[in-house]
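Take a look at the structure set out below.
Only the coordinates and a few stated rules stand behind these numbers; no lab work does. Remember, it's a predicted structure, so these values are computed and weren't measured experimentally. So basically every Cβ, Gly included, is an ideal-geometry build from the backbone, and we count neighbours across all protein chains shown.
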Amino acid sequence: MPKVLEHVDARYDIEEMQLGKVYKWRPESVLIECECGQSTTLTVSETTCEECGKEHMALLQEALAEQRSSRQCLGEEELHPWRYAEESEDEDDDPILWV
Ligand SMILES: [Zn+2]
C-alpha cells in the first residue's frame, strides 16, 4: 500500500529578488511513497505517481480531509504575508510580483 510521508499546507514561498520580494503560491500537497517505491508529491492537480503513473486521487483526498479536520483555519498572516513583512514600513511596499 502507498503511504503518506508528509503533508504540506498551502502557502506562499517568499523569494528575495533584486527588484523586491516575490511571493509564489504553493498549493497544498502531500508527499507519498508509492507502491513502486518512488516518493512523489501529489497536489489536487497532480494525483499520479511520477514514476509508474499510478492514480493516487483517493489517497490524496483522504490525506487532505484528515488534515482539514485536525487544523484550524489559516490566519491572516499566512494568507497575506506581505502585510507583515518586517522591513515593510511603507504601506505601499507591496510585492512586485505574484506567481
Ligand atoms: Zn509509482
Got a sec? Which residues in segment 4-37 would a label at Arg68 touch, if it sits 7 Å along Cα→Cβ and we count backbone N under 14 Å? 10, 28-29
Roughly what would the spin-label model give for Val8 and Cys52, points 7 Å off Cα along C-beta, in nm? 2.3 nm
In Å, descending, principal axis extents of the Cα set of segment 3-71: 44, 30, 18
